[in-house]
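Engineer: Supplied in structure tokens, the structure appears directly below.
Every number in this text was worked out from the coordinates using simple rules, so none of it is lab data. A quick note: this is a predicted structure, and the numbers were derived from the prediction, not measured. For neighbour counting, all protein chains shown are included, and Cβ atoms are generated from backbone atoms with ideal geometry for every residue, glycine included.
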Amino acid sequence: MSAGTAATWQGVLFDLDGTLADTAPDLGGALNDLCARYDRPLVAMERLRPLASTGARGMLAEGFGIGPADPFYEELREEYYQVYETRLTRDSVLFEGVHDLLAGLDAAGVPWGIVTNKFARFAKPLVAQMPPLQRAACLVCGDTFERPKPYPDPLLGAAGLLALAPAQLVYVGDDERDMQAAQAAGMAGVVAAYGYLGNGAPPTTWPAAHHIATPAALLDLLRKA
């Protein structure tokens, strides 16, 4: 598929964690709550923050040194989820500038939605507790489709909900999987360079059309189109 350019964008899709909302304090906080429960050393937030977009997998790897192949992983992941549910928005906030970005899109009549790998059991109540996000035209979660990002399925599903062709949409995210999904869906990808970005390949190597240092920069791109 061929991605459109800024001149053809008619709608915007956003990742959630690390793009619209700074959820690292609660994702990391939940890990440290779990570490304390098991008498394990707490992990500094500066180590956890880049891993926030990887969710439970990244948190548990850092705090407990285990991954999905470990026989204790599924049980510990569910325990982590239960802890995280108790503090979804205790310390999480929208990134500075996101409120104005969304208001600007609304004022311009540009539809926007959210596509996240966060499961619905967390994404829906999180969005419900952050009023500006409630205006999203769609919310596609990590378990909405069988295959989450980096597969294109969630983005293509969101395009259908917005009644726009993939080439008419841009996807904004802070993880390499976001850009891979956008490329596979035929959408332009924009890296939210203010987000978590992970510990893998540098964002300059991701298949993205643009990089933005602030949420406001996306409005600048749209105005120049």
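Engineer: Given a cut-off of under 8 Å on Cα pairs at least six residues apart, what relative contact order in percent is computed for the range 24-85?
Structural biologist: Values: 58 pairs, mean separation 23.6, N = 62.
Computed value for the range 24-85: 38 percent relative contact order.
Engineer: Could you go through the range 28-39 in sequence order and give the Karplus-derived ³J(HN,Hα) for each residue, using 6.51 cos²θ - 1.76 cosθ + 1.60 with θ = phi - 60°, rounded to whole Hz, and x for Gly and Pro?
Structural biologist: So the J values, rounded to whole Hz, are x, x, 5, 4, 5, 4, 6, 4, 4, 4, 9, 6.
Engineer: For D220 and A120, what is the calculated FRET efficiency with R₀ set at 41 Å and r taken between the beta-carbons, to the nearest 0.05? Don't skip to the answer; put the middle values down first.
Structural biologist: Values: r = 33 Å, r/R0 = 0.80.
About 0.80, to the nearest 0.05.
Engineer: How long are the semi-axes of the equivalent ellipsoid of the range 97-196, defined as square roots of 5 times the Cα gyration tensor eigenvalues? Whole Å, largest first.
Structural biologist: Numbers: eigenvalues 72, 53, 39 Å².
Semi-axis lengths for the range 97-196 are 19, 16, 14 Å.
Engineer: With the radius of gyration and the Kirkwood radius both derived from the Cα set of the chain, what is their ratio Rg to Rh? Don't skip to the end; give the middle numbers.
Structural biologist: Working: Rg = 17.1 Å, Rh = 17.6 Å.
Across the chain, the Cα-based Rg/Rh ratio is 0.97.
Engineer: Continuing with the same structure: Please sort 123-135, 49-61, 146-158 by packing, taking for each peptide the average over its residues of neighbouring beta carbons within 10 angstrom, highest first. Intermediate values should be presented prior to the final figure.
Structural biologist: Working: 123-135: 16.1, 49-61: 21.3, 146-158: 19.5.
Ranking, from highest mean packing down: 49-61, 146-158, 123-135.
Engineer: Turning to a different aspect of this structure: Gap in Å between the Cα centre of the range 171-225 and the Cα centre of the range 3-42?
Structural biologist: 15 Å
Engineer: Given 25 °C and 0.890 mPa s, compute D for the range 24-85 with the Stokes-Einstein relation, Rh being the Kirkwood radius over Cα pairs; round to the nearest whole µm²/s.
Structural biologist: Answer, rounded: 219 µm²/s.
Engineer: Could you order peptides 217-223, 107-113, 41-47 by the average number of other Cβ atoms within 10 Å of their residues, highest first?
Structural biologist: Details: 217-223: 16.7, 107-113: 14.6, 41-47: 12.3.
Top of the packing list down: 217-223, 107-113, 41-47.
Engineer: Now for a separate question. Taking amide hydrogens as modeled 1.01 Å from N in the peptide plane, which residues meet the under 5 Å criterion relative to L94, leaving out close sequence neighbours?
Structural biologist: Counting only residues 5 or more places away or on other chains, the set is D22.
Engineer: Under the rule of at least 5 residues apart or a separate chain, name every residue whose amide H is placed under 5 Å from the amide H of V172.
Structural biologist: Placed amide hydrogens put L13, F14, D15, V190 under 5 Å from V172.
Engineer: Three principal axis extents, largest first, for the C-alpha atoms of the range 1-134, in Å?
Structural biologist: Projected onto its principal axes, the Cα set of the range 1-134 covers 53, 35, 26 Å.
Engineer: Considering Cα pairs under 8 angstrom that are at least six residues apart, work out the relative contact order of the chain and quote it in whole percent. It would help to have the intermediate numbers written out before the result.
Structural biologist: On the way: 420 pairs, mean separation 64.3, N = 225.
About 29 percent, as a whole number.
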